[in-house]
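The values are calculated or read from the model by the stated rules, or taken from the named source; none is laboratory data. All values reported here derive from a predicted model rather than from experimental measurement. Please note: Cβ atoms are built from the backbone with ideal geometry, for glycine as well, and neighbour counts cover all protein chains shown.
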C-alpha cells in the first residue's frame with residue numbers, strides 16, 4: 001500500500017528517490033517547477049522536497065491539504081513557512097549536515113585565492129604579464145579569524161582552518177556545545193571586533209541577520225579586515241561593503257551569496273554597487289556554488305531520506 005505521493009521539486013541524488021520508493025512512497029519529479037504550477041501539483045501530495053526553487057509559503061501549504069512533511073535540500077529554512085507548517089502538523093526537515101563540508105572547503109579556497117592572488121595573477125599571465133612583486137601574497141599563519149555562526153558550516157570551516165596556525169574566534173547567539181579545542185568561543189562580538197583580520201559569516205536568514213554586516217559593524221572593527229560570506233546574501237549590506245573597501249577599512253571580500261539572486265533582480269542602487277565590487281581585484285565572487293558539489297548532493301539526499309523515513 002502506497003504511503004502517498006511525494007513531489008520532488010529540486011535536484012536530488014537517486015538515493016533519495018529510491019529510498020522513498022522503497023519506504024512506500026510514489027515520487028513525481030519536477031525539477032523545473034514554478035511557484036504558479038506548484039499549486040496544482042501539490043494538491044494530492046503527502047510530502048514535498050524543495051530547495052530554493054519553491055517557496056512553501058502559507059498559500060502553497062494550504063493548497064496541499066494532505067501534506068505531512070516537507071524536506072529541504074540544504075539548510076535555509078526561510079523557503080518554508082515553518083511556523084505555519086507546524087501549526088498544520090506538518091513536519092519540516094533540512095539537511096545542513098549534507099553540504100557543510102562543501103561550504104567549508106569553498107570558503108577556504110576563496111580565502112586562499114584572495115590572499116595569494118591566484119586568480120588575479122592567473123588572469124594577468126593569460127595576458128602575457130609576469131608581475132611578481134605586484135602579486136606578493138599574504139599568509140594566513142598568525143592571523144585571527146572571526147567565525148560568526150558556529151553551526152554545521154561554521155564548524156566545517158573552522159576544521160579546515162586549524163592547520164594554518166591561526167587564532168580562530170567563534171561567536172553564535174545560540175548555545176554552542178562541544179567546542180573543539182582549536183577554537184575560542186566568544187560570549188559576544190567584542191573580541192572579534194578587537195582582534196580579527198578576517199570575518200566569515202555562517203548564519204541563517206533571520207530578521208536579525210538582515211544586514212548584520214552594516215556600517216556599525218564595519219566601524220566597530222579595530223583592524224583592517226577581509227570579509228567572507230557563504231551564508232545568505234542579505235546578511236551583507238552591499239553598499240556598506242563597497243564603501244568599506246573604497247575607504248581602505250576592508251582589504252578584500254569573498255562572496256558566494258548576494259542580496260538578490262540572480263544579480264539581475266537587484267534594486268538599482270545595490271546592482272550598481274555589486275557591479276563595481278565585481279570589477280575590483282580584491283573581490284572574489286562565485287554564483288552561490290559553495291555547497292553545490294556532487295558529493296553534497298548525495299549527502300543531503302541521504303540525510304533527508306534518513307530523517308523522513310525515521311519520522
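General remarks:
- Test result for residue 155, buried (at least 16 other Cβ atoms within 10 Å of the Cβ), closer than 20 Å to residue 192 by Cα, in the same structural domain as residue 252 (by TED's automatic domain parsing) and at pLDDT 95 or above: yes
- Those residues of the range 288-311 which are outside any helix (DSSP H, G or I) and within 17 Å of residue 75 (Cα to Cα), in sequence order: 288, 289, 290, 291, 292, 293
- Residue 113, sole failed condition from (1) under 30 Å from residue 144 (Cα atoms); (2) free of Cβ contacts under 8 Å to residues at least 60 places away in the same chain; (3) in contact with a strand residue (DSSP E or B) (Cβ under 8 Å, 6 or more places away or on another chain): (2)
- Of the helices (runs of 4 or more DSSP H) lying entirely inside the range 74-152, the ones with 2 or more residues being under 13 Å from the mean Cα position of the chain (by Cα), modelled with pLDDT of 95 or more and crowded, with 20+ Cβ neighbours inside 10 Å are found at 96-115.
- Selection count where residues are surrounded by fewer than 21 Cβ atoms within 10 Å (Cβ to Cβ) and either touching a helix residue (DSSP H, G or I) at 6+ places or on another chain (Cβ under 6 Å) or under 19 Å from residue 216 (Cβ atoms) (or both), scope the range 243-256: 6
- In the set (1) within 19 Å of residue 90 (Cβ to Cβ); (2) in a helix (DSSP H, G or I); (3) in contact with a strand residue (DSSP E or B) (Cβ under 6 Å, 6 or more places away or on another chain), residue 60 fails one condition alone, (3).
- Of all residues assigned to the range 241-249, at least one qualifies as being part of a loop (DSSP other than H, G, I, E, B) and either without any contact (Cβ under 8 Å) to a residue 24 or more places away in the chain or on the phi > 0 side of the Ramachandran plot (or both).
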